[in-house]
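Here's the structure we're looking at; comments come further down.
Coordinate-derived values only; no laboratory data. Values in this document were obtained by computation on a predicted structure and should not be read as measured data. Every residue, glycine as well, gets a Cβ built from its backbone with ideal geometry; the counts of neighbours run over all protein chains shown.
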Amino acid sequence: MIRMVLLLSGCLLVSTYGLSQRACQLLDENGSPVPYAHVYLSTVQQGTLTDEAGRFELPWKELAASTPIVFSCLNYEDFESTVGEVRGAGDAACTITMRSKAYELGGVEVLADRMNFAAKKLGVPPPGRFSRTGYNFPGRGWELGVLIENDGRCRLRDINLFISNVKVDSFHVEINLYDYTDGAIGDKLQSERIFTTIKREDANASYAVPLFEEKLYIDGPFVASVTMLDDTKEVTAMLEASPKKKYEGYRHRLDGQWVPYELSPSISVVMECPEAR
């Protein structure tokens, strides 16, 4: 089973790792690291994630000082700057501060206890038999999603993953839910970040990721994604969807753009929808 799920309000993980002379670090107003934040260069379509200590590196010497750089993380205001402003002078370590922001939920509906709900499973189910096909995460930062064809206004109860071929002791992933309107993927729907640690013995089965944010109502379709947080080249495969292209897969590039992808991660959800009277 999945061993650990951490929901963090504002990415407040702490690490004692030191900084290299070329590394930069992303901090909040209190001086705490901001882990797994997106750092992307929109004009050159490059990017990375900060690590658990909020550190990141880019090919600084190959980038013009005027190259725009954007920092993005849930519960924080996006911060935009340039490579020259971030790096400053020389090869000294640099720090960037992100400001937290209040997260506003888009309308939570309170229903009477007598309302009945019907559960339905959506997304990519586990394979009928074990298969060694699939895709391998090449390392930290890959985020792949699948379109969940939800209809109406339903509440999310469970998220399920299927992971196979784990050849490392454990690895970490982040799960996110995104708005999907008129064929475009928009903002995140949850107010907290969902981190999961999966161990080798957890592989080759379907697991429910418990949600601590109750009564999360979602209107219409949405995209559920999983992001690899470890920089490992070992084989960690999440099985793809039907070869008949029944499911719509997406890849979230580190420059912030979503693009169609030929494979879909095996993510399914259980939605509870009000029954018609």
Report task. Find which of F195, T232, G220 sits farthest along the positive direction of the dipole of segment 117-274, computed with +1 on the beta-carbon of Lys and Arg, -1 on that of Asp and Glu, about the Cα centre. Result -> T232
Report task. Could you pull out every residue, at least 5 positions away or on a different chain, whose amide H is within less than 5 Å of the one on N204? Hs are placed 1.01 Å off N in the peptide plane, and Pro or chain starts have none. Result -> I163, S164, N165
Report summary line: Phi angles of segment 72-81, converted by Karplus (6.51 cos²θ - 1.76 cosθ + 1.60, θ = phi - 60°) into ³J(HN,Hα) in whole Hz with x for Gly and Pro, give 9, 7, 4, 6, 10, 6, 4, 10, 10, 8
Query raised in the report: Per-residue HN-Hα couplings for segment 26-36, Karplus 6.51 cos²θ - 1.76 cosθ + 1.60 at θ = phi - 60°, whole Hz, x for Gly and Pro?
Result: 9, 10, 9, 5, 8, x, 8, x, 10, x, 6
Report task. Provide, for segment 117-274, the number of lysine pairs with alpha carbons under 26 Å apart, each pair being eight or more places apart or on different chains. Result -> 17
